1. Are there any pairs with C-beta distances below 6 angstrom linking a residue in the stretch 161-183 that is within 17 Å of Phe137 (Cα to Cα) to a residue that is surrounded by fewer than 19 Cβ atoms within 10 Å (Cβ to Cβ) and modelled with pLDDT under 90, with the two at least 6 apart or on different chains, and if so which?
2. Within the stretch 158-166, identify whether any single residue is small (Gly, Ala, Ser) and in a helix (DSSP H, G or I), and answer yes or no.
3. Select from the stretch 182-197 the residues that are among the hydrophobic types (A, V, I, L, M, F, W, C) and surrounded by 13 or more Cβ atoms within 10 Å (Cβ to Cβ) and write down the one among them that is modelled with the lowest pLDDT.
4. Give Gly70, Gly82, Gly87 a once-over and let me know the one that is loosely packed, with under 15 Cβ neighbours inside 10 Å and at positive phi.
5. Whether any residue in the stretch 248-270 is over 19 Å from the mean Cα position of the chain (by Cα), polar (S, T, N, Q) and in a loop (DSSP other than H, G, I, E, B) is what I want to check.
6. Which number in (1) closer than 17 Å to Gln175 by Cα; (2) touching a helix residue (DSSP H, G or I) at 6+ places or on another chain (Cβ under 7 Å) marks the one condition that Tyr239 misses?
7. Checking the structure you have, find out if any residue of the stretch 223-242 is of a type in the set (A, V, I, L, M), more than 24 Å from Pro75 (Cβ to Cβ), in contact (Cβ under 8 Å) with a residue 12 or more places away in the chain and not in a helix (DSSP H, G or I).
8. Is there a residue in the stretch 132-152 that is within 14 Å of Ala249 (Cβ to Cβ) and in a helix (DSSP H, G or I)?
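The values are calculated or read from the model by the stated rules, or taken from the named source; none is laboratory data. Being a predicted model, the structure only gives us computed values, none of them experimental. Positions of Cβ are backbone-derived with ideal geometry, glycine not excepted, and every protein chain shown enters the neighbour counts.
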Amino acid sequence: MTTPIAPDLSTGARVVAKPRPGVWKRLLKRPLAVAGLVIIAIVVIGAILAPWLTGYDPNEQMFDGLTIEGSPLPPNAKFWLGTDLLGRDLLTRILYGARTSLIIGIVANGVALLIGTLVGVTAGHFRGWVGSVLMRFTDLMMAFPALLLAICLAAVFQPSLWIVAMVIALVNWVQTARVIFTETSSLSEREFIAAERTIGAGAPRILFRHILPHLVPTIIVWGTLGISTTVLLEATLSYLGIGVQPPTASWGNIIFENQTYFQAAPWLVFFPGAAILALALAFNLIGDALRDILDPTQRGRE
């Protein structure tokens, strides 16, 4: 794209306008967003390199992982975050639990975004009885508390990693659908959409060339913020015993397994709890930054 050239009114010379920084550069100028990126990078690298970072199996019960009395070891030079009630390395289990949170977070949030976008765009563009039926169904789903609905669905099916991901997706799409519906309805009233209809443009052309491109910033922001909700919901279900089941490591079931020993060994709950908080906070920080950067009302203020 050619850089716009504007005349200098004082001298009459033409001046090349300064190009607007890209989203990535503007994101890196925000300290909180950078902090979020660093946290996510640490979690992702730790999850990928888990087998090589500690050298332990997450389900390996080690005799030297317990005291003579059979109690878990506190953080030390060999076990950096201590051990759990079975003598397993806590750091190893947290790193493998990060895999669970990331997989479910990405998969569940991706499916929820897809369902919510399809419902919201269809209802907002076509209106009529189609839009009315879709949005009344969405309102009905929103009437149920997300956590309670997720618990009911998870209890019906045999808990597994992929079942948990689908359950979370089925309860998280409604918020996305409502936001996308509002955006689509607003776009459908714009003059350029009316002009497209006047020249006989069909629904596919309007949707794919005009409406969906305008929805991309909203989808990106909502998708980023949604991952934190997904991480918290997965941890809650696993903590309640209807999410990811042992021996598969999950931050939620790690806390559940060790909660009775909290007073004697607080690190067993503190470290996985801090991991949940840090990852959810990181995605929220990035989502908030992207919302401000991609908001058209904020253009020209940076």
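1. Hits for this filter: Val171/Ala146; Val171/Leu149; Val174/Met141; Val174/Met142.
2. Yes.
3. Initial filter on the stretch 182-197 (among the hydrophobic types (A, V, I, L, M, F, W, C)): 187, 192-195.
Next, from what is left, pick out any that are surrounded by 13 or more Cβ atoms within 10 Å (Cβ to Cβ): 187, 193.
Values: Leu187: 81, Ile193: 72.
Taking the candidates together, the pick is Ile193.
4. Working: Gly82 fails: loosely packed, with under 15 Cβ neighbours inside 10 Å; Gly87 fails: loosely packed, with under 15 Cβ neighbours inside 10 Å.
Of Gly70, Gly82, Gly87, the one residue that is loosely packed, with under 15 Cβ neighbours inside 10 Å and at positive phi is Gly70.
5. yes
6. Condition (1) is where Tyr239 drops out.
7. The answer is yes; a qualifying residue exists.
8. Residues of the stretch 132-152 within 14 Å of Ala249 (Cβ to Cβ): none.
No: the stretch 132-152 contains no residue that is within 14 Å of Ala249 (Cβ to Cβ) and in a helix (DSSP H, G or I).
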